Amino acid sequence: MSIRITGGSMRGRNVPSPDTSKTRPTASRTREALFNILQGVENFRVLDLFAGTGIMGIEALSRGAASVTAVEMAKVQAKLVLQAYKALSLESKLNLLETSVLTLSKEALCKDEGFDLIYADPPFKDMAYPDLRNFWDWLNPGGVAVFEAPTKNLPAWAKEAEAEDLLKIRKYGESSLLIYRKVL
């Protein structure tokens, strides 16, 4: 099975995806909606958490992002991410970390520079949806964090953040995008 890149300079090219139910690539409709919402990612530093197939980072690079740090704990998946980047000659723009997202350290990862886009799509069928708000601090001013969550079971912290007008929730079928923008 393969996943088609939906936009940018590599639009229409394919990225390999494993034939397994453990990996749930972000749907093309959701990817297109996300990049339409962002209205440009040129020169962005991107953090792709729970990278899976790597498609979100590749989409960002296709649309002009400068670099991607992809975090994937599963060795098989991390190997697939690297293969996908190599197949598209993008490996020089990739920093791939084989570790748990939940144990990442801001100081060790981004030092003085933050990220302009942070995307996370946890394997929420295999685990309770984690509280990812700590990653908001990793954003550069004006940066955006987007977390994909199950529409039918949105995490309580997301609903609270939406009520406080810190977060916008956009629903796309079974998945919702939780969108946080760091003010300048």
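The values are calculated or read from the model by the stated rules, or taken from the named source; none is laboratory data. Quick caveat, the model's predicted, so the values are computed rather than measured. Virtual Cβ from ideal backbone geometry, glycine too; neighbours counted across all protein chains shown. Ligands, DNA and RNA are stripped out before the accessible areas are found, and what is left, the full protein with its side chains, is counted by its heavy atoms. Shrake-Rupley method; radii C 1.70, N 1.55, O 1.52, S 1.80 Å.
Taking the condition of being open to solvent by less than 30 Å² (accessible area, probe 1.4 Å), assigned to a strand (DSSP E or B) and at pLDDT 95 or above, how many residues in the range 14-67 meet it?
Adding up the residues that qualify gives 4.
Tell me the residue from Asp131, Asp116 that is closer than 19 Å to Lys182 by Cα and modelled with pLDDT under 95, please.
Asp131
Kindly list the number of the only condition in (1) within 13 Å of Val101 (Cβ to Cβ); (2) part of a loop (DSSP other than H, G, I, E, B) that fails for Tyr119.
Of (1) within 13 Å of Val101 (Cβ to Cβ); (2) part of a loop (DSSP other than H, G, I, E, B), only one is false for Tyr119: (2).
So is Lys171 out of contact with any Phe, Trp or Tyr (no Cβ under 6 Å at 6 or more places or on another chain), assigned to a helix (DSSP H, G or I) and without any contact (Cβ under 8 Å) to a residue 40 or more places away in the chain or not?
So Lys171 fails the test.
Residues are listed down the side, and each one gets a yes or a no for (1) free of Cβ contacts under 8 Å to residues at least 60 places away in the same chain; (2) in a strand (DSSP E or B); (3) more than 19 Å from Leu34 (Cα to Cα); (4) basic (Lys, Arg):
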site	(1), (2), (3), (4)
Leu96	yes, yes, yes, no
Glu107	yes, no, yes, no
Pro130	yes, no, yes, no
Phe147	yes, yes, no, no
Leu177	no, yes, no, no
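Any idea how many residues of the range 111-123 are within 22 Å of Gln77 (Cβ to Cβ) and surrounded by 18 or more Cβ atoms within 10 Å (Cβ to Cβ)?
7
Could you please let me know if Ser105 is within 26 Å of Gly142 (Cβ to Cβ) and more than 14 Å from the chain's Cα centre (by Cα)?
yes
Working carefully through the options Ala149, Ala70, Ala78, find the one that is open to solvent by less than 30 Å² (accessible area, probe 1.4 Å) and at pLDDT 95 or above.
Of Ala149, Ala70, Ala78, the one residue that is open to solvent by less than 30 Å² (accessible area, probe 1.4 Å) and at pLDDT 95 or above is Ala70.
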